[in-house]
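The values are calculated or read from the model by the stated rules, or taken from the named source; none is laboratory data. Owing to the predicted nature of the structure, the values given are computational and were not obtained by experimental measurement. Note that each Cβ is placed from the backbone with ideal geometry, even for glycine, and that neighbours are counted across all protein chains shown.
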Amino acid sequence: MSDRFTVLVTGGAGYIGSHAVLALKGAGWSVAVIDNLTTGFRWAVPDDVAFFEGDIEDSALVARIVDEHNIGAIMHFAGSIIVPESVENPLKYYHNNSAKSRSLIESAVTGGVKHFIFSSTAATYGIPEESPVRETTPQLPINPYGMSKLMTEYMLRDVAAVHDFNFCALRYFNVAGADPQARTGQSTAGATHLIKVAVEAALGKRDSVAVFGTDYDTPDGTGVRDYIHVSDLADAHVLALSALIAEPSQNHLLNCGYGRGFSVLEVLDAVDRVTKLKVNRKLEGRRAGDPDSLISDNEA
């Protein structure tokens with residue numbers, strides 16, 4: 001497949017993006033990466049992958065990459081992802097996730113890129129009306145993070161309607177884990193992913209894990225989430241690319257989750273069992289913008 005075109009991965013030095021790079025390479029694709037290294041790491045990108053340190057908002061740089069590397073598809077991971085921060089600093093999220101995506105989409109259309117895979121989120125559903133959550137469940141975000149991602153979905157839909165361009169928006173539930181071969185992983189110092197934080201606490205790298213909210217409408221009162229392994233998610237992106245190529249007139253909106261939820265306390269108990277250590281819990285109030293439960297219907 002690599003002789004057909006190259007796939008540009010934005011945020012390819014970050015957590016999910018670096019796993020997608022490995023999955024693409026494993027499937028035989030030629031890959032290029034653009035990342036401003038705000039949260040990513042240069043070491044996370046293999047040496048044989050073309051790497052550009054820069055911002056997706058730099059349309060001249062993106063145009064040069066598209067032209068010089070025969071870019072035929074973009075996988076877009078670059079952005080900001082911390083829900084509470086989005087509530088405190090919404091303009092950062094509308095800039096990083098919406099305005100910059102708009103610039104990237106324009107660069108893609110101008111450069112003749114035909115396929116676009118977008119890193120969206122289950123946060124676009126807000127507090128869903130049903131569980132598990134289907135792709136047709138109304139999207140009513142309750143925080144700027146979810147809204148900023150939904151705005152990009154809308155942009156992609158509208159652009160695809162009038163250009164020779166198709167897209168897939170993958171709505172992630174909670175991503176966890178790391179590459180089984182230990183080639184990359186979640187290395188950002190300020191990462192808030194629960195399993196990573198819990199393991200660090202078990203190993204003594206943190207004093208405790210904050211449990212935000214114990215009065216949710218869930219069996220044990222803590223938030224319930226659907227966790228998907230990052231390598232499975234990366235494989236989903238490769239499959240999405242194949243689907244876009246096979247049906248150039250079709251767009252796809254798909255959930256990425258396993259269809260089973262686990263509470264915060266269940267995750268912490270599991271870390272205790274696996275490590276044979278004890279994760280100290282610090283019970284705190286709810287965070288702004290967190291729903292009770294998010295579980296995926298993945299039958300689409």
Given (1) surrounded by 18 or more Cβ atoms within 10 Å (Cβ to Cβ); (2) touching a residue at least 24 places away in the same chain (Cβ under 8 Å); (3) of a type outside the set (S, T, N, Q), index of the condition His229 fails: (1)
Residues (of a type outside the set (A, V, I, L, M) and in contact (Cβ under 8 Å) with a residue 60 or more places away in the chain) located in the range 98-115: Lys114, His115
Lone unmet requirement of (1) surrounded by fewer than 21 Cβ atoms within 10 Å (Cβ to Cβ); (2) under 14 Å from the mean Cα position of the chain (by Cα); (3) not aromatic (Phe, Trp, Tyr) for Ser59: (2)
Residue pairs meeting the criteria (Cβ under 7 Å; at least 6 apart or on separate chains; first closer than 19 Å to Asp235 by Cβ and of a type in the set (D, E, K, R), in the range 179-202; second modelled with pLDDT under 95 and not in a helix (DSSP H, G or I)): Asp179/Gly185
Selection status of Tyr93, in contact with a Pro (Cβ under 8 Å, 6 or more places away or on another chain), of a type in the set (Phe, Trp, Tyr) and either within 16 Å of Leu170 (Cα to Cα) or without any contact (Cβ under 8 Å) to a residue 40 or more places away in the chain (or both): no
Subset tally (residues that are over 16 Å from the mean Cα position of the chain (by Cα), in a loop (DSSP other than H, G, I, E, B) and under 19 Å from Ala122 (Cβ atoms)) for the range 208-262: 10
Residue match in the range 12-23 (condition: among the aromatic types (Phe, Trp, Tyr), free of Cβ contacts under 8 Å to residues at least 40 places away in the same chain, crowded, with 16+ Cβ neighbours inside 10 Å and more than 22 Å from Ser242 (Cα to Cα)): no
Filtered residue count, the range 114-140, keeping only those that are outside any loop (DSSP other than H, G, I, E, B), of a type outside the set (Ser, Thr, Tyr) and within 19 Å of Asp290 (Cα to Cα): 3
Subset of the range 190-243 (residues that are among the acidic types (Asp, Glu) and over 18 Å from Val274 (Cβ atoms)): Asp207, Asp215, Asp217, Asp220, Asp226, Asp232, Asp235
